[in-house]
Amino acid sequence: MRNCLIAAACAAPFITLSAIAGDKPPMPKVYQGMGTQKGQWKVDFLERSGVRGAARVPGSMTLCIDSLAEQARKNAASGTKARSECKYRVIKDTSSEAVVESTCKERTMTVKTTRENDKTLVMEMDGKDQKGGAPTHMKLRYAYLGPCREGQGTMSFDKNSEQCRKLRERAAKMDPERQKQVAAMCN
């Protein structure tokens, strides 16, 4: 479940969130011409603090945005669409850098996106809990890899990575269906 939340957080800048949430966040100029709503992206975790499990940050993972968008469409069609109570404010909007602030019921998040080139973005996310919790920080690099592979899931790791080794160890003690899910994530 934690990995799904990480995937959703990492993918949020790329998909049209109106399919997931009630309100559509602004689409900054930094994303224009990148084709960010399709294909697979390698996500490298550069920094992470204030987040539970920060010491266990995956080095990198691959996100299939097509798969995530399909899940959002299915949720919307079945009526299980989450309702957003977030407000969005664009602080900076240029073709090379954007800063967007989202204020939700329990959290304020500022996302700074810098475009390194036509296929690479660096994103810094700083969050503050409205209830006085510790501030959070994540810095990630996104690199476009091309179209998703046939049958590719939302999130996957390199088969030789530490994450996959641990997942396989845990899956060996689980039912065969869960073992198939882990195998699909580690390819």
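Taking a straight line from the alpha carbon of Lys128, these aspartates and glutamates sit under 12 Å away, with near neighbours fewer than eight places off in the same chain left out: Glu101, Glu106.
Were the residues from Gln130 through Ala143 laid out at 0.36 nm apart, the gain over their Cα-Cα distance would be 1.5 nm.
Multiplying the residue separation of Asn75 and Ser161 by 0.36 nm and removing their Cα-Cα distance gives an extension gain of 27.8 nm. Extending 7 Å from Cα along the Cβ direction at Glu101 and again at Glu169 yields two label points whose distance is 4.3 nm. The lysines within cross-link reach of Lys119, meaning a Cα-to-Cα straight distance under 19 Å and a gap of 8 or more places when in the same chain, are Lys29, Lys38, Lys42, Lys139.
Only the coordinates and a few stated rules stand behind these numbers; no lab work does. Bear in mind the structure is a predicted one, so any value in this text is a computation, not a measurement. Every residue, glycine as well, gets a Cβ built from its backbone with ideal geometry; the counts of neighbours run over all protein chains shown.
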